1. With the condition kept exactly as written, say whether any residue in the stretch 89-97 is touching a Gly at 6+ places or on another chain (Cβ under 6 Å), surrounded by 14 or more Cβ atoms within 10 Å (Cβ to Cβ) and within 30 Å of Arg155 (Cα to Cα).
2. Could you grab me the full set of residues in the stretch 130-161 that are over 23 Å from the mean Cα position of the chain (by Cα), of a type in the set (A, V, I, L, M), surrounded by 13 or more Cβ atoms within 10 Å (Cβ to Cβ) and assigned to a helix (DSSP H, G or I)?
3. Six or more apart or on different chains, Cβ atoms under 9 Å: show the pairs whose first residue is in the stretch 48-65 and under 17 Å from Leu83 (Cα atoms) and whose second is aromatic (Phe, Trp, Tyr) and not in a helix (DSSP H, G or I).
4. Please find, among Asp91, Asp55, the residue that is farther than 20 Å from His138 by Cα and of a type outside the set (Ser, Thr, Tyr).
5. Search the stretch 101-127 for residues that are closer than 18 Å to Arg86 by Cβ and pair each with any residue that is among the β-branched types (Val, Ile, Thr) when their beta-carbon atoms are under 7 Å apart and the residues are at least 6 apart or on different chains.
Amino acid sequence: MSAPADTPGADDPTGDAASQPPHRPERRPAAPGGGAPPSSLPWFGRLNQLDFDIDFFERILARSPDSIDVLRVLGELASRRGLHERALELDRRLVARLPADFLARYNLACSLALAGCADEAIRCLEEAFRLGYDDVAHMEVDPDLASIRERPEFRALVGRV
């Protein structure tokens, strides 16, 4: 006797349904508010990977505005994309939530340097060092810090570590 059409494995001509996972119809995500699912996402396929990732994490951040992990990742992505003001905003939010995190403080210094806030970037680097950051070799080549690298305050900072 054959299995009914809606039984898992009914379309298995060998009758070995137990060895194969049941077929599941593809499901499309429900639209916000419970309406019909969208026919297609308007941005899918038209964005490069970096823009797609930024859009993805922006949507997560909109739902979880205090997520430390999302702030970290999105700040990095925004900086990589050249969205320096957005990266600066995200890094400031991260430091406000993690004031003793030396890496968050270092990333804020990078964003400040990229945004043209040299004096504040130097102060932020000094704070990152005070909190435990000590990778001088990276600072010497980090392109984010190029705008402040020749400043005497920067040279003094890396010289004392």
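Taken together, the values in this text are just the output of simple stated rules run on the coordinates, not laboratory data. Just so it is clear, the structure is predicted and the values come from calculations on it, not from any experiment. Note: ideal-geometry Cβ built from the backbone for every residue, glycine included; neighbour counts use all protein chains shown.
1. There is at least one residue in the stretch 89-97 that is touching a Gly at 6+ places or on another chain (Cβ under 6 Å), surrounded by 14 or more Cβ atoms within 10 Å (Cβ to Cβ) and within 30 Å of Arg155 (Cα to Cα).
2. Leu131, Val136, Leu157, Val158
3. That search, which allows pairs on different chains as well, returns Asp51/Trp43; Phe52/Trp43; Phe52/Phe44; Asp55/Trp43.
4. Of Asp91, Asp55, the one residue that is farther than 20 Å from His138 by Cα and of a type outside the set (Ser, Thr, Tyr) is Asp55.
5. These pairs meet every condition: Ala104/Val95; Leu108/Val95; Ala113/Ile148; Ala121/Ile148.
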